[in-house]
Amino acid sequence: MTVQVKICGLSEPESLHAAVAGGARYIGFVFYPASPRSVSPAMAAELARLVPTGVRTVGLFVDPDDDFLEHVVSQVPFDLLQLHGKETPRRIAEVKAAFNIPVMKAIKIGGPEDLTTALEVAEVADRLLFDAKPPAKVSALPGGNGIAFDWTLLAGRSWPRPWMLSGGLNAGNVAEAVRVTGAPALDVSSGVEDRPGHKDPALVRAFLAAAAGL
């Protein structure tokens, strides 16, 4: 497919198989205990064995320390680390140096002022991911909240690093999201779930089919 897709927060073989068969380019595993999508390193290692060559594995972390990263990375093979917390450019550089794995940094977008952060992060991160900033005074996870931001903020913009669009995506709006933003890659999690943390293989297939038609 022209538009690459990452299915994030996988925790079961059935949905992983649906993702791979449908053409997903990236498979994401979440290592954040507060998330309903969180998996243990042992479980992720078992699932990673089902990922064929050519499909990239991604580990999502939220403000991890080196000990926790080492604990997970020593058990699960990753092609990419996704930092989804408040990691600074300096911390991103430290993670890259310590683990020698490419890093994708999530940028939380609530308004145009947040785009300046992307330029700073792009100096050290290998990839960028634009996600929605949760509304103020709302209890929400760092990601996977099913919230979209104003896509027109990205319209006509170019970035010095490869990037993905995330936040509130589903099979019904993926075409509009790509039309407005020009996103070369999409990251979906809650948009392919039938309940928090559970990926529905049918929804995974539908999302990938919609992306494949772009």
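The values are calculated or read from the model by the stated rules, or taken from the named source; none is laboratory data. Please read these numbers as outputs of a predicted model, since none were measured by experiment. Note: ideal-geometry Cβ built from the backbone for every residue, glycine included; neighbour counts use all protein chains shown. In case anyone asks, the SASA skips ligands and DNA or RNA and just uses the protein heavy atoms, side chains included. Shrake-Rupley method; radii C 1.70, N 1.55, O 1.52, S 1.80 Å.
Quick notes on this structure:
- Per residue of the chain, the DSSP helices (runs of n ≥ 4 H) give a summed -39500 (n - 2.57) that works out to -8500 deg cm²/dmol at 222 nm.
- Segment 1-89, accessible area per residue, ligands and nucleic acids excluded (1.4 Å, Å²): 42
- Amide H contacts of L80 (H built 1.01 Å from N, under 5 Å, at least 5 apart or other chain): T57, G59
- Taking label positions 7 Å along the Cα-Cβ direction at both A202 and E176, the computed distance is 2.3 nm, reported to one decimal.
- Other residues with beta-carbon under 14 Å from the beta-carbon of G168 carry, at +1 per Lys or Arg and -1 per Asp or Glu, a net charge of -3.
- Within segment 180-213, backbone nitrogen closer than 15 Å to the virtual label 7 Å beyond the Cα of T2 toward Cβ: 180-186, 210-213
- The chain: antiparallel DSSP beta bridges as a percent of all, rounded to 5: 5
- Solvent-accessible surface of protein heavy atoms, probed at 1.4 angstrom with all chains present, puts H71, H84 in the order H71, H84, largest first.
- Here the accessible area is traced with a 1.4 Å probe on the protein chains. For segment 23-175, carbon and sulfur cover 52 percent of it.
- Proximity of backbone amide H atoms, modeled 1.01 Å from N, is registered between M164 and L128, L129, F130 at under 5 Å, excluding neighbours fewer than 5 places apart on the same chain.
- Pairwise label distance in nanometres, A42 with T117, each label 7 Å out on the Cα-Cβ vector: 3.6
- The phi torsions of segment 91-103, fed into the Karplus equation with coefficients 6.51, -1.76 and 1.60 and a -60° offset, translate into couplings of 5, 4, 4, 5, 5, 4, 5, 6, 10, 6, 10, x, 10 Hz, rounded to whole numbers, with Gly and Pro shown as x.
- The stretch between D150 and K96 holds 16.4 nm of extra length on full extension. This uses 0.36 nm per residue minus the Cα-Cα distance.
- Computed from backbone phi, the HN-Hα couplings of segment 185-198 come to 8, 10, 10, 10, 9, 5, x, 10, 10, 9, 7, x, x, 10 Hz, rounded to whole numbers (Karplus: 6.51 cos²θ - 1.76 cosθ + 1.60, θ = phi - 60°; Gly and Pro given as x).
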